[in-house]
Amino acid sequence: VSGPWALALDIGGTKVAAAVIGPDYAIASRAVHPTPTSGSPDDILGAVVAAAHDAAAGFDDVLAACGAGCPGRIDGERVTPINIPAWRGGFPLQGRLEEALGLPTVVDNDCNLFALGEGASGAAAGRESFIGAVISTGIGGAFVIDGRLLRGATGSAGELGHICVVPGGRQCGCGARGCLEAETSGRAIETITGRPSEDADPATVMWAGQLMGRALATAATLLDIDFAVLGGSVALGFGQPFFTAAQAAARAGQPVGAPPLTLVPARLGPDAGLVGAAVLALKQAV
Ligand SMILES: [Zn+2]
């Protein structure tokens, strides 16, 4: 395949995934390294760069740019991932990666990249406007409108997890009450039921689906969107009963006459963030 290739990085709290991705969004090479759980900010960067070099070996001549995804808010030049303690206070990831890799580099929130990836070659391929949502330990979201990722003042537009779905409900880590994340994230379900979300009973799965559908109906109504792709271990693990409940709640929550919101499971699995990172990198490189 001709055309520019990208080095894609997906930096998480437990592992760093790196991949070389071609213009057709196929993964040509990959490497995974554990994220150090202690050490300095530079130790974490070292693990990221090591994974990048492993994946990029033999592809140096074709790489045009690097894209990297990281959890949490992007504060100016700095990433602030809650689940990577050494970087929590802010780490200038973009500049440091560019310096270490010698490639033009773009950094974005991991949920934004999930949406871009599913939009490029996953369940939302060919869609101009859709919601991407990830339900795992926490809940994240992103909106693609008219083919463009919605960013907002701090790059965190689409934070679906902090829509209120239960007025006066459970205390959320963000300080508010009754947020979707406080009621139906993997962490919340474990707190409420005393069991990991994998062991949730059918009533819990249905309840989680209903709240998710309610939140999605709100978002779809605000932004005139008729398609949503849902990923993450909790949503995909709950499977069809969750999607059926969420779909019904979403339709019930939309105004009469609005285009009905269609919910589909993500298709790229853990590679969505990598593909999205490549999409973003190649968009900036060309
Ligand atoms: Zn919240």
Note on Gly173: of the conditions (1) surrounded by fewer than 17 Cβ atoms within 10 Å (Cβ to Cβ); (2) more than 12 Å from the ligand (Cβ to nearest atom); (3) assigned to a loop (DSSP other than H, G, I, E, B), unmet is (2)
Only one of Ala245, Ala215 is buried (at least 16 other Cβ atoms within 10 Å of the Cβ), within 23 Å of Ala258 (Cα to Cα), touching a residue at least 12 places away in the same chain (Cβ under 8 Å) and within 16 Å of the ligand (Cβ to nearest atom), namely Ala215
Flagged pairs (Cβ under 9 angstrom, 6 or more apart or on separate chains; first in region 60-83, under 17 Å from Gly12 (Cα atoms); second of a type in the set (A, V, I, L, M, F, W, C) and surrounded by fewer than 16 Cβ atoms within 10 Å (Cβ to Cβ)) are Pro71/Ile82; Gly72/Ile82
Checked pairs for region 170-181, first of a type in the set (Lys, Arg), second assigned to a loop (DSSP other than H, G, I, E, B) and more than 8 Å from the ligand (Cβ to nearest atom), C-beta under 6 Å and 6 or more apart or across chains, list as Arg177/Gly168; Arg177/Gly169
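When you scan region 95-107, how many residues do you find that are within 18 Å of the chain's Cα centre (by Cα) and without any contact (Cβ under 8 Å) to a residue 60 or more places away in the chain?
Adding up the residues that qualify gives 1.
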Check your understanding: Just to be sure, is Arg127 among the basic types (Lys, Arg), within 11 Å of the ligand (Cβ to nearest atom) and at pLDDT 95 or above?
Key -> no
When (1) among the hydrophobic types (A, V, I, L, M, F, W, C); (2) surrounded by 20 or more Cβ atoms within 10 Å (Cβ to Cβ); (3) assigned to a helix (DSSP H, G or I); (4) more than 16 Å from the ligand (Cβ to nearest atom) are applied to Trp207, the one that fails is (2)
If we keep only residues of region 160-170 that are more than 16 Å from Ile189 (Cα to Cα) and part of a loop (DSSP other than H, G, I, E, B), then the residue nearest to the ligand (Cβ to nearest atom) is Ile163
Among the residues of region 186-199, the number that are of a type in the set (S, T, N, Q) and within 15 Å of the ligand (Cβ to nearest atom) is 1
Just one listed residue, out of Glu118, Glu159, Glu128, is farther than 20 Å from Ala8 by Cα and under 11 Å from the mean Cα position of the chain (by Cα), and it is Glu159
- Query: Has region 223-236 got at least one residue that is away from the ligand (no atom under 16 Å from the Cβ), more than 18 Å from Ala133 (Cβ to Cβ) and either surrounded by fewer than 21 Cβ atoms within 10 Å (Cβ to Cβ) or free of Cβ contacts under 8 Å to residues at least 40 places away in the same chain (or both)?
  - Reply: no
Every listed condition ((1) in a helix (DSSP H, G or I); (2) more than 10 Å from the ligand (Cβ to nearest atom); (3) crowded, with 16+ Cβ neighbours inside 10 Å) holds for Glu183 save (2)
Within region 111-154, residues acidic (Asp, Glu) and either assigned to a strand (DSSP E or B) or crowded, with 24+ Cβ neighbours inside 10 Å (or both) come out as Glu118
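The values are calculated or read from the model by the stated rules, or taken from the named source; none is laboratory data. Bear in mind the structure is a predicted one, so any value in this text is a computation, not a measurement. As a convention, Cβ positions derive from the backbone with ideal geometry for all residues, glycine included, and neighbour counts pool all protein chains shown.
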